[in-house]
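One structure, as structure tokens, below. Some questions next.
The values are calculated or read from the model by the stated rules, or taken from the named source; none is laboratory data. Quick caveat, the model's predicted, so the values are computed rather than measured. With ideal geometry, Cβ positions are generated from the backbone for all residues, glycine too; neighbour counts draw on all protein chains shown. What goes into the accessible areas is simple: the full protein's heavy atoms, side chains included, and nothing from ligands, DNA or RNA. Shrake-Rupley method; radii C 1.70, N 1.55, O 1.52, S 1.80 Å.
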Amino acid sequence: MLELTVNAKSPGAITAAFRRMHEMVITGAVERGAAFHLVLGPGIYRESIRYNMSNPLIMESAQGAASDCIIQADNCEAFHKGRENRSIFFFGPNATNVTLRNFTVENTHLKSVEVENTKPDSAEAFVWDNRSGTLKAEGMTFIGRQNTIFVRGFSWFLGCRVEGDTDIVYGEPDLSVLEDCAIHVREDNRGDYNGFAVKSRTDAGRKGFVFTGCSFTGEKRKKSSLYVYRTAGLGKASTGKDFDNAAFINCRVSESFSPEFEWDDDMELDIYPRGNAESGLREYGTKTLLEAGGEQPADTSRRNVKSYTLTDDDYFRMYASRYLIFGGTPLSSRLE
């Protein structure tokens, strides 16, 4: 494994390091399959970065604290079209095995269009646009507003923090596991708008998002509401696309969130498929975080009618361990 160290005082330091890696591979200075270890010195790296090499990558901060090492820029769809161009950190389809540890990725863009949610204000902090490789992100912080994290394929976020105001974690995952993560719905810089934490548009037969041991907190609105999940309303059996596949296992949810849990525009949009043990919207062991402090078992009686509460048998058969959740997917190779 080849180790490189970069310094935040050098403009475009990470982009330059990726360019150097690419040059070493194409010139034969290192083997084509060589793994790279990139160590980030403390400070703020003001750049947007892209990685689309097949070489395995470990990237981490030197000091081991996400707050000490920040990759930061202001970007959005109105500035640069497409996720590849509007995000701050983008991984393309050629990536294989990537590990990220203990740094922050922040898109500082402030929303400007005065309607609920618009494409020009899409501003991802992080994009894993990859179907065949695997990502493990540990101890990371991701900050944005609309569309903070987008994922495809296979990813595992462990002990991370994600902040935003709309579709904070979204995408088209085969399996994306968020374990012991903190998802925080921040205020909308434009005013009193609904806040949404998760949106899934998964192909049929895929596990989609699995949140296990996560906390969902949010800054209350005066008149609007906070929702853990919102549908795109596009899923259909005939297409096998855009399924609302997301499982919430032993999560803690602030009582600031709507007890309906899932938003479907007052049933104007269809949540598909109806929740069951293996697909759709499902939950188990949810606790409510009380504003006065402490927690209690959640009252699920007011959940959206399309959601499903897993039985104990469902849980112990499919969700009680990493091995059960990751089983049969490329993420199994990440288990140590």
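Under 9 Å between Cβ atoms, at least 6 apart or on separate chains: pull out the pairs that start in region 218-241 with a residue that is under 17 Å from residue 189 (Cβ atoms) and end on any residue that is among the β-branched types (Val, Ile, Thr).
Between residues of region 218-241 that are under 17 Å from residue 189 (Cβ atoms) and residues that are among the β-branched types (Val, Ile, Thr), the close pairs are 218/183; 218/185; 219/185; 226/185.
Same structure again: So, in region 41-62, of the ones that are within 27 Å of residue 113 (Cβ to Cβ) and in a strand (DSSP E or B), which residue ends up least open to solvent (accessible area, probe 1.4 Å)? Spell out the reasoning first.
Going through region 41-62, the residues within 27 Å of residue 113 (Cβ to Cβ) turn out to be 46-50.
Going one step further and asking which of them are in a strand (DSSP E or B), we end up with 49-50.
Working: 49: 1, 50: 79 Å².
Applying the filter and picking the extreme gives 49.
Then there's this: What pairs come out if I take residues in region 154-168 that are touching a residue at least 12 places away in the same chain (Cβ under 8 Å) and farther than 22 Å from residue 325 by Cα and pair them with residues that are open to solvent by 10 Å² or more (accessible area, probe 1.4 Å) and aliphatic (A, V, I, L, M) whose C-beta lies under 6 Å away, six or more apart or interchain?
Going by the 6 Å Cβ cut-off, the qualifying pairs are 163/143.
Further, regarding this structure: Just give me the residues in region 242-262 being open to solvent by less than 20 Å² (accessible area, probe 1.4 Å) and either touching an Asp or Glu at 6+ places or on another chain (Cβ under 6 Å) or among the acidic types (Asp, Glu) (or both), in sequence order.
The answer is 244, 248, 262.
Quick check: is even one residue across region 150-168 of a type in the set (Lys, Arg), under 23 Å from residue 286 (Cα atoms), out of contact with any helix residue (DSSP H, G or I) (no Cβ under 9 Å at 6 or more places or on another chain) and open to solvent by 30 Å² or more (accessible area, probe 1.4 Å)? Even if it seems obvious, please write down each step before you answer.
The initial filter retains those residues of region 150-168 that are of a type in the set (Lys, Arg), namely 152, 161.
After this cut, where a residue has to be under 23 Å from residue 286 (Cα atoms) as well, the list is 161.
Applying the additional criterion that residues be out of contact with any helix residue (DSSP H, G or I) (no Cβ under 9 Å at 6 or more places or on another chain) yields none.
Within region 150-168, not a single residue is of a type in the set (Lys, Arg), under 23 Å from residue 286 (Cα atoms), out of contact with any helix residue (DSSP H, G or I) (no Cβ under 9 Å at 6 or more places or on another chain) and open to solvent by 30 Å² or more (accessible area, probe 1.4 Å).
Just give me the residues in region 313-331 being at pLDDT below 95 and either touching a Lys or Arg at 6+ places or on another chain (Cβ under 7 Å) or open to solvent by less than 50 Å² (accessible area, probe 1.4 Å) (or both), in sequence order.
327, the sole residue that qualifies.
So for region 263-282 (the condition being buried (at least 17 other Cβ atoms within 10 Å of the Cβ), within 18 Å of residue 301 (Cβ to Cβ) and touching a helix residue (DSSP H, G or I) at 6+ places or on another chain (Cβ under 9 Å)), does at least one residue qualify?
yes
Another one. Looking only at region 63-74, how many residues end up being open to solvent by less than 70 Å² (accessible area, probe 1.4 Å) and at pLDDT 95 or above? First the steps, then the outcome.
The first filter runs over region 63-74 and keeps only residues open to solvent by less than 70 Å² (accessible area, probe 1.4 Å), leaving 64-66, 68-73.
Pick out the ones that are also at pLDDT 95 or above and you get 66, 68-73.
Within region 63-74, residues that are open to solvent by less than 70 Å² (accessible area, probe 1.4 Å) and at pLDDT 95 or above number 7.
Determine whether residue 212 is touching a Cys at 6+ places or on another chain (Cβ under 9 Å) and either open to solvent by 20 Å² or more (accessible area, probe 1.4 Å) or hydroxyl-bearing (Ser, Thr, Tyr) (or both).
Yes; evaluated as a whole, the condition is true for this residue.
Take residue 16 and decide whether it is open to solvent by 60 Å² or more (accessible area, probe 1.4 Å) and free of Cβ contacts under 8 Å to residues at least 12 places away in the same chain. I'd like the intermediate steps shown before the answer.
On the way: open to solvent by 60 Å² or more (accessible area, probe 1.4 Å): no; free of Cβ contacts under 8 Å to residues at least 12 places away in the same chain: yes.
So residue 16 does not fit the description; no.
Could you check how many residues of region 19-28 are within 27 Å of the chain's Cα centre (by Cα) and open to solvent by less than 50 Å² (accessible area, probe 1.4 Å)?
1
So that you can scan it fast, the table gives a plain yes or no per residue for (1) in a strand (DSSP E or B); (2) open to solvent by 70 Å² or more (accessible area, probe 1.4 Å); (3) under 18 Å from residue 165 (Cα atoms):
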position	(1), (2), (3)
76	no, no, yes
80	no, yes, no
90	yes, no, no
93	no, yes, no
106	yes, no, yes
109	no, no, yes
117	no, no, yes
120	no, no, yes
123	no, no, yes
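Could you grab me the full set of residues in region 64-92 that are within 20 Å of residue 11 (Cα to Cα) and of a type outside the set (A, V, I, L, M)?
Hits for region 64-92 are 67, 68, 69, 72, 74, 75, 85, 86, 87, 89, 90.
Would you check which residues across region 136-149 are under 14 Å from residue 181 (Cβ atoms) and either of a type in the set (A, V, I, L, M, F, W, C) or open to solvent by less than 10 Å² (accessible area, probe 1.4 Å) (or both) and list them?
Across region 136-149, the qualifying residues are 137, 140, 142, 143, 148, 149.
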